[in-house]
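A quick write-up on the structure given underneath.
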Amino acid sequence: MIVAVDGPAASGKGTIARAIARHYRLPHLDTGLLYRAVAATLLDRELDAEKEADAVASTDFDEALLADDRLKDDRIGKVASIVSAHPLVRAALLQRQRRFAQQPGGAVLDGRDIGTVIAPGADAKLFVKATPMIRAQRRHAELRARGSTVSFDKVLADIRARDERDSTRSQAPLRMADDAVLLDTSFLSIDAAVQRAIALVEARTAAKAGTP
Ligand code: C5P
């Protein structure tokens, strides 16, 4: 079974995807980490994120980087959103994500274009959203807990800028797949959101199983 979980930054999609993977004992890939690893590599090499060639050259990142906590930094998230808009960067990371999705037994992937581009034939597709204010509150609390002194207004402005960049780019923009189900986590606790997500996956796969 392939489960696609898409949505904007801090919508809760990562937590939900991990919980679905645990529930069904499936491997999970946070595809945002791949773009973040490209961004970190580009910054380490002091290259220019706006230049497609520089960003593509940084797709040869060190695999160990994927486990590095530094990838969670907001600056890296911002640069990830710039490098991910380059078509050749997306092309360079495409096969790796497709292979992960198509492994025997299935997988759960979360990102922006899983249901639309990476795994359009996924058995269940969730589109997770929450209001920008609520997502900024979550991200702000997360950053404060990690020792950052960033202001709420800055976090909110960054979230809005990232939404705008991710949804207006020409290649694989953030958009809900036609056959995805919407899950708004704005007023749900983590537990409630996870339970709802699993119920939606169950309903979707049961409906598919019943289709002749
Ligand atoms: O999900 P996360 O915030 O870690 O993603 C970082 C950035 O990577 C996003 O803002 C987005 O621009 C990009 N991304 C993407 N496609 C994905 C996953 C992430 O373009 N499937």
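The values are calculated or read from the model by the stated rules, or taken from the named source; none is laboratory data. Note that this is a predicted model, so its numbers are computed, not measured. Just the protein is used for accessible areas: all its heavy atoms, side chains included, with ligands, DNA and RNA removed. Shrake-Rupley method; radii C 1.70, N 1.55, O 1.52, S 1.80 Å.
For the reader, a short list of remarks on this structure follows.
- Cα pair count fraction exceeding 22 Å, expressed as % - the chain: 49
- The radius of gyration of the Cα set in the range 3-107, together with its Dmax, comes out at 14.0, 41 angstrom.
- In this structure, the amide hydrogen of Lys129, modeled 1.01 Å from its nitrogen in the peptide plane, lies closer than 5 angstrom to those of Leu183, Asp184, Thr185, counting only residues at least 5 positions away or on a different chain.
- Surface composition of the range 2-197: carbon and sulfur make up 52 percent of the accessible area, probe 1.4 Å.
- For Glu164, the accessible surface of its heavy atoms amounts to roughly 110 Å² (probe 1.4 Å, protein chains only, rounded to the nearest 10).
- For the range 125-204, convex hull of alpha carbons as volume per residue, Å³: 105
- Taking the inverse of the mean 1/r over every pair of distinct Cα atoms in the range 84-176 gives a Kirkwood hydrodynamic radius of 15.1 Å.
- Per residue, the chain exposes 49 Å² of accessible surface when a 1.4 Å probe is rolled over the protein heavy atoms with every protein chain present.
- Solvent exposure ordering (accessible area, 1.4 Å, most first) of His86, His23: His23, His86
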